[in-house]
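Encoded as C-alpha cells, the structure appears first; notes follow it.
The values are calculated or read from the model by the stated rules, or taken from the named source; none is laboratory data. All values reported here derive from a predicted model rather than from experimental measurement. Every residue, glycine as well, gets a Cβ built from its backbone with ideal geometry; the counts of neighbours run over all protein chains shown. Side chains are part of the model used for accessible areas, which takes the heavy atoms of the whole protein and leaves out ligands, DNA and RNA. Shrake-Rupley method; radii C 1.70, N 1.55, O 1.52, S 1.80 Å.
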Amino acid sequence: GGTSGNGEHDRSDAMQQSLIEGLLREARLFSHLKHRNIIQLLGVSPSLPTRNLYLVMEYAHGGALSHLLEQRQSGLYPTVFIEYAKQIADGMHYLHEEACE
C-alpha cells in the first residue's frame, strides 16, 4: 500500500525536474544564438505557483510568420515570399553551420 503512491509522486517529481533541467539547457544554448533572422531568447522566468517556465524573447515587430500567413489566405506576393524564404534559409544556414562552432 500506502508507500506506492509516494513512490509515484517521487517519480513524477523526478520526471518534472528532468524536464525542467532539459528545458533550461536548451534555453542556455538558444540564448547564445546571435543572428538577425532568429528571435533572441533574453531569459527564462520560472513561476513557482503555476509551475511554468516563461521565455522572455526579443519582440517581433511584425508578429509571428504563421499569423501573417493565416491572415493572408490568398498567399503572399512572390517577391515577399522569396524574401521570407531567403531569410529563413539564412537563419537555418547559421544554425547548421555557424552556431555549433
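Quick look at the numbers
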{"read-out": "Tally, over the stretch 30-66, of residues that are in contact with a helix residue (DSSP H, G or I) (Cβ under 7 Å, 6 or more places away or on another chain) and assigned to a loop (DSSP other than H, G, I, E, B)", "value": "4"}
{"read-out": "Selected residue [in contact with a Phe, Trp or Tyr (Cβ under 6 Å, 6 or more places away or on another chain) and not hydrophobic (A, V, I, L, M, F, W, C)] from H96, H35", "value": "H35"}
{"read-out": "Of all residues making up the stretch 30-52, the number that are over 23 Å from E98 (Cα atoms), touching a strand residue (DSSP E or B) at 6+ places or on another chain (Cβ under 7 Å) and either of a type in the set (D, E, K, R) or open to solvent by 60 Å² or more (accessible area, probe 1.4 Å) (or both)", "value": "1"}
{"read-out": "Test: T79 is under 30 Å from S18 (Cα atoms) and either outside any loop (DSSP other than H, G, I, E, B) or not basic (K, R) (or both)", "value": "no"}
{"read-out": "Among residues of the stretch 59-98, those that are of a type in the set (D, E, K, R) and either open to solvent by less than 60 Å² (accessible area, probe 1.4 Å) or under 18 Å from F30 (Cα atoms) (or both), counted", "value": "3"}
{"read-out": "Flag for A27 being surrounded by 14 or more Cβ atoms within 10 Å (Cβ to Cβ) and not aromatic (F, W, Y)", "value": "yes"}
